[in-house]
2 protein chains.
Amino acid sequence: MQTSSTARRSGTSGACVTRKVGLTMKNLPLAKVYQLLEPGPVVLLTTARNGRANVMTMSWHMMVEFEPPLVACVVSTADYSFAALRATKECVIAVPAVDLAQKIVSIGNCSGRNVAKFEKFGLTPLPADCVKAPLIAECFANLECRVVNSRLVSKYNLFVLEVLKAWSDPRRRNPKTIHHHGYGKFVADGDTFRLKSRMR
Amino acid sequence: MQTSSTARRSGTSGACVTRKVGLTMKNLPLAKVYQLLEPGPVVLLTTARNGRANVMTMSWHMMVEFEPPLVACVVSTADYSFAALRATKECVIAVPAVDLAQKIVSIGNCSGRNVAKFEKFGLTPLPADCVKAPLIAECFANLECRVVNSRLVSKYNLFVLEVLKAWSDPRRRNPKTIHHHGYGKFVADGDTFRLKSRMR
């Protein structure tokens, strides 16, 4: 994925700056966000604090509302990202495909406390529009999020996020995601099928 | 799945009654529950109120804690199950495999308000140990749950459940689940692979 020459970091965390993130990155309608997360893929969560970006692997997330899209997620206090998420109230949920499986595991097996993960794992941070946390160029979708409810953070480390802006890479058609079954056992997406349904 | 002749319904909702649910149903250690839900499968949620059982299709759920296992889920106020879950504070999360895909969709496309779904869709309710909501014999795993936190119910319809007891069918080895991508598009589990990981 190539970054556009007009790409620049958002100056403020609250207001979205409209510009082209990358030549191949396309705005995804917010109404379609749930279709990315409802299937339960392993995702990456990026944060930025004091000018330093970090990324963690995450599987404990779910949709809460269609539109505006709300997402709940659990980030452990043991994760270095926890403090950044709580302090900045911003993050990006990046959705990787199966080609990144080894990196997803490696990212989950070390801490941002002592590892600069973007550099170590060869991930390309791209500036987001609405948050300071970076998008990940190698992921086929990126969701810019803001924490909108922290009532269950102290009890369960459970954050409620609103997706402010969503991006997808139109070059990646039907990317296959991975799902974690514990202790390094993963299942990749298999066959797609359609059934007549009135369910959104 | 056959029910044991010793199977009987739990008399009280709070106390777990220990007995054999079915000849082929096996207790699943609570520490393994997250391995069922973390991958994000479409599940069925059963409730029972005033002696009447109901079942709905659900994809908005996530793990919150390993052990005791805590699960968060969103049940819409538009769902007939919402009132039963809020009133009884009990449910069963049943995990169906891909062979039940058509039933999963049919269950999601009608309401317990006017349909007796267990009968209509040929599902076999089995008595649970700890809750009045029934297990589903045709599902390869069943989780008996109690609502432990309702703070985000009024704002987001978000319930936090504790899994009190878990069951799996040992005859079903490596069952493939399904994941919903919206509007009747589903992806079934594909290839399983293992990567060296320190992540639980």
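The values are calculated or read from the model by the stated rules, or taken from the named source; none is laboratory data. Worth saying up front: this structure is predicted, and the values here are computed from it rather than measured. Note that we place each Cβ from the backbone using ideal geometry, even for glycine, and neighbour counts take in every protein chain shown. Calculation scope for accessible area: heavy atoms of the full protein, side chains included, ligands and nucleic acids excluded. Shrake-Rupley method; radii C 1.70, N 1.55, O 1.52, S 1.80 Å.
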For this session: Would you tally the residues in the range B:39-50 being at positive phi and either among the β-branched types (Val, Ile, Thr) or open to solvent by 20 Å² or more (accessible area, probe 1.4 Å) (or both)?
Result: 1
Seminar exercise, completed: Note on the range A:59-75: residues within 10 Å of chain B (Cβ to nearest Cβ) and within 16 Å of the chain's Cα centre (by Cα) are A:59, A:60, A:61, A:62, A:63, A:64, A:70, A:71, A:72, A:73, A:74
Seminar exercise, completed: Matching residues in the range A:165-187 (without any contact (Cβ under 8 Å) to a residue 60 or more places away in the chain, open to solvent by 40 Å² or more (accessible area, probe 1.4 Å), within 11 Å of chain B (Cβ to nearest Cβ) and part of a loop (DSSP other than H, G, I, E, B)) number 2
Exercise. Is at least one residue of the range A:188-195 outside any strand (DSSP E or B) and of a type outside the set (S, T, N, Q)?
Worked result: yes
For this session: May I ask you to list pairs of residues, at least six apart or on different chains, whose Cβ atoms are under 6 Å apart, with the first in the range A:36-50 being under 20 Å from residue B:36 (Cα atoms) and the second being of a type in the set (Ser, Thr, Tyr)?
Result: A:38/B:59; A:41/A:177; A:42/A:59
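Each row is one residue, and each column tells you yes or no for (1) modelled with pLDDT of 95 or more; (2) closer than 18 Å to residue A:97 by Cβ; (3) out of contact with any Phe, Trp or Tyr (no Cβ under 8 Å at 6 or more places or on another chain).
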{"site": "A:43", "(1), (2), (3)": "yes, yes, yes"}
{"site": "A:46", "(1), (2), (3)": "yes, yes, yes"}
{"site": "A:57", "(1), (2), (3)": "yes, yes, yes"}
{"site": "A:63", "(1), (2), (3)": "yes, no, no"}
{"site": "A:68", "(1), (2), (3)": "yes, no, yes"}
For this session: For the range A:136-159, name all the residues that are more than 7 Å from every other protein chain (Cβ to nearest Cβ) and among the aliphatic types (A, V, I, L, M).
Result: A:136, A:137, A:141, A:143, A:147, A:148, A:153
Problem set entry | Residue within the range B:25-37 that is closer than 24 Å to residue B:108 by Cα and either among the acidic types (Asp, Glu) or assigned to a strand (DSSP E or B) (or both) present | no
For this session: Would you point out the residue of the range B:144-164, among those that are assigned to a strand (DSSP E or B) and open to solvent by 30 Å² or more (accessible area, probe 1.4 Å), that is farthest from residue B:125 (Cα to Cα)?
Result: B:148
